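No lab work stands behind these numbers, since they all come straight from the coordinates. Since the structure is predicted, the reported quantities are computational estimates derived from the model, not experimental observations. Every residue, glycine as well, gets a Cβ built from its backbone with ideal geometry; the counts of neighbours run over all protein chains shown.
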Amino acid sequence: MSQSNILKVGMTVGLLNFLAFMMSMWVLGGSAVLGLALDGQYFLDAGRHLVQVSGAVFFFSKWQAYSLIATLPLGLACAWRWSELPINSRSEVTAAVDAGDATTARLV
């Protein structure tokens with residue numbers, strides 16, 4: 001596996017986990033990062049109010065946020081390193097698009 005492909009995997013993991021975090025916040029109504037756990041009751045922080053959820057949802061939300069702390073910087077670092085690669089080592093598609101010849105680009 002080439003360095004370019006490894007960096008693309010890192011970027012994809014970071015992006016997909018970020019999107020999963022945003023979707024879970026939207027669906028659940030908040031995040032457990034600033035949430036509360038009191039006497040067996042669990043609350044997600046929804047900005048100006050708290051949303052009560054089950055313990056499983058609370059811990060899912062907390063671990064989703066913790067995984068984002070690891071994968072978002074990884075994805076950004078991979079994107080930065082990938083942008084520093086010479087164009088000819090990225091892929092034929094990227095090289096053709098960067099050269100302004102998107103019509104002849106083919107997927108590798």
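For segment 65-72, the condition of being surrounded by 13 or more Cβ atoms within 10 Å (Cβ to Cβ), more than 12 Å from the chain's Cα centre (by Cα) and not in a loop (DSSP other than H, G, I, E, B) holds for none of the residues. Is it true that residue 37 is in contact with a helix residue (DSSP H, G or I) (Cβ under 8 Å, 6 or more places away or on another chain), farther than 30 Å from residue 79 by Cβ and of a type outside the set (Val, Ile, Thr)? So residue 37 passes the test.
Of the residues making up segment 24-41, none is buried (at least 17 other Cβ atoms within 10 Å of the Cβ) and among the aromatic types (Phe, Trp, Tyr). Evaluated against (1) in contact with a helix residue (DSSP H, G or I) (Cβ under 7 Å, 6 or more places away or on another chain); (2) farther than 29 Å from residue 82 by Cβ; (3) among the polar types (S, T, N, Q); (4) surrounded by fewer than 18 Cβ atoms within 10 Å (Cβ to Cβ), residue 61 falls short on exactly one condition, (4).
Out of segment 10-30, which residues are within 8 Å of the chain's Cα centre (by Cα) and of a type in the set (Val, Ile, Thr)? Once the filter is applied, which keeps residues that are within 8 Å of the chain's Cα centre (by Cα) and of a type in the set (Val, Ile, Thr), segment 10-30 yields 12, 13.
The sole residue among 81, 48 that is charged (D, E, K, R) and surrounded by 12 or more Cβ atoms within 10 Å (Cβ to Cβ) is 81.
Of the residues making up segment 13-32, those that are under 18 Å from residue 73 (Cα atoms) and in contact (Cβ under 8 Å) with a residue 12 or more places away in the chain are 13, 14, 15, 17, 18, 20, 21.
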